[in-house]
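The structure appears below as structure tokens.
The values are calculated or read from the model by the stated rules, or taken from the named source; none is laboratory data. Model, not experiment: these values are computed from the prediction. When we count neighbours, we look across all protein chains shown, and the Cβ atoms used for this are built from the backbone with ideal geometry, even at glycine.
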Amino acid sequence: MSDIYHQNYYQQNREKLRAYQREYYQAQRQEILSQQKQYKRSKVIRHRLNGKSNDLYGVNKAPYPVDSLCQVCRRALQLTYHHWDDADYSDGLWVCTHCHIAIEAFTKTPQLRFILVNRFLK
């Protein structure tokens, strides 16, 4: 019942709520942008310099590539860490998002993982 009440309230007061949100954003704009910029900087610095991403922070992983290129396609994109075994995070690759998606699809089938490792990663 409360969900229906909230939906009705939002529909009836939509413009008032949006006006309040716009006013709040305009009043706090500099602080919001500053916090966003600081967060993005800390994330990129922690990710690239320490070789640690958010999901595997503090875990012993393969070092971040010096050239900052994807270890599969060699493109200069933001890299994420893909590990092969949940028990051993040091056995992994730094790959771009496109290659990470492809690797995840390949690793669901053992035969495809064998092809990926032997053909593309050696």
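In the list His100, His82, which residue meets the criterion of being under 20 Å from Asn60 (Cα atoms) and at pLDDT below 85?
Values: His100 fails: at pLDDT below 85.
On inspection, the qualifying residue turns out to be His82.
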Search result, residues across region 82-112 that are in contact with a helix residue (DSSP H, G or I) (Cβ under 9 Å, 6 or more places away or on another chain) and of a type in the set (Phe, Trp, Tyr): Trp84, Phe106
Go through region 63-78 and give me each residue that's under 22 Å from Lys108 (Cβ atoms) and touching a Leu at 6+ places or on another chain (Cβ under 9 Å). Cys70, Gln71, Val72
Selection from region 1-41 of residues that are surrounded by 10 or more Cβ atoms within 10 Å (Cβ to Cβ) and of a type in the set (Asp, Glu): Glu23
